[in-house]
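No lab work stands behind these numbers, since they all come straight from the coordinates. The shown structure was predicted, so the numbers you read here are calculated from the model rather than taken from an experiment. Every residue, glycine as well, gets a Cβ built from its backbone with ideal geometry; the counts of neighbours run over all protein chains shown.
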Amino acid sequence: MKFTMDIPVGVITAGEFQTVEAVKSMAIALENAGVAACYVTDHPAPSAEWLHANGHDAIDPFVALSAVAAHTTKLMLHTNILVMAYRNPFLTAKAAASLQVLSGGRFILGAGAGYQTVEFAALGVDFHKRGKLFDEAIDTIHMAWNGGVVVKEGMGFNAIGNEPRPVPQIKPPIWIGGGSPAAVKRAALRGDGWSPFFAAPTMTAANQESGIHTVQQLGENIVQAQEMRAEAGRAGPFDVAIGSRTKLDYKSRETADKYIESVHELAAVGVTWVMVEAPHPSRQAYIENVKWFGEEVIARL
């Protein structure tokens, strides 16, 4: 089992998280603790109402992960998630390939359909076309990463003989976010992994509906995805990443024991990565919690 942990570069507390030194110290702490990847999210123009209620800020994911890459050597760089419809797919392909090349092949492109209608409107993207735009983006990005000339007319672009570069020697894996049937199908047929989430009462109604409700349901969906991949003749690794429903207090061995039990339960149904969000009331507290997680969870697994 591997772990991908939130690195809180979006938190705007002055001097705590949004500095080069902060990114460096947090990234090094993650790598030293044995965390396999760190993740950031994507909100270029979020709803102000959501942001000031229970939302969260976000630095541009490619800029943030480039800073992380500059101060680490093994830590993988994970977008969780990048909303595909927000950007022209050639721009996404360029940014992702650039990060993959300059990081030495450490990028994981976690991608999703998105859910904030206000954010789609601000970016000039039709919310109701987000599924079709998502699929088109994945197909176009692969064409760009294959190298050579691309000829493709899309819903909002027309490549009539363009040659995107750089071409990554190893393509970044694409993990598809979301727990809906459409997300499972997209992950199986177009992705290299699936990244659902457990539904929680604090989520929006749409996210509660598309979230996973039980470990049994999760396992059934993983089996379904694997069957769809086999029917389509798709081979190669297929990762599944999700957060545990067991909460840690980052203090006691007892809570670590319960958490480890939950990790084994997830592994038994086919999960390969566990997503973690360590408390971060301050940068120092975050670093201490990362260290504790490495000693009490990762080292014991």
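Of the set (1) buried (at least 17 other Cβ atoms within 10 Å of the Cβ); (2) touching a Phe, Trp or Tyr at 6+ places or on another chain (Cβ under 8 Å); (3) closer than 19 Å to residue 1 by Cβ, all apply to residue 246 but (1). Taking region 10-46 as the search range and keeping residues that are in contact with a helix residue (DSSP H, G or I) (Cβ under 7 Å, 6 or more places away or on another chain) and acidic (Asp, Glu), which one is surrounded by the fewest Cβ atoms within 10 Å (Cβ to Cβ)? Per the criteria, the residue is 16.
Return yes when residue 170 is among the aliphatic types (A, V, I, L, M) and either over 22 Å from residue 98 (Cα atoms) or surrounded by 14 or more Cβ atoms within 10 Å (Cβ to Cβ) (or both) and no when it is not. For residue 170, the condition - among the aliphatic types (A, V, I, L, M) and either over 22 Å from residue 98 (Cα atoms) or surrounded by 14 or more Cβ atoms within 10 Å (Cβ to Cβ) (or both) - is not met.
Checking region 76-96 against the condition returns a match, with at least one residue being under 13 Å from the mean Cα position of the chain (by Cα), over 28 Å from residue 132 (Cα atoms) and surrounded by 15 or more Cβ atoms within 10 Å (Cβ to Cβ). Within region 9-36, the set of residues being closer than 12 Å to residue 276 by Cβ and under 18 Å from the mean Cα position of the chain (by Cα) comprises 30, 35, 36. Taking region 78-178 and the strands (runs of 3 or more DSSP E) fully enclosed by it, the elements with 1 or more residues that are among the charged types (D, E, K, R) and more than 24 Å from residue 236 (Cβ to Cβ) are at 150-153. Just one residue in the set 252, 262 is surrounded by 13 or more Cβ atoms within 10 Å (Cβ to Cβ), hydroxyl-bearing (Ser, Thr, Tyr), over 23 Å from residue 108 (Cα atoms) and out of contact with any strand residue (DSSP E or B) (no Cβ under 7 Å at 6 or more places or on another chain); that residue is 262. If only residues of region 229-272 that are in a helix (DSSP H, G or I) and β-branched (Val, Ile, Thr) are counted, the one that is farthest from residue 36 (Cα to Cα) is 255.
On the stretch given as region 95-120, residues that are under 13 Å from residue 83 (Cβ atoms) and free of Cβ contacts under 8 Å to residues at least 40 places away in the same chain total 3.
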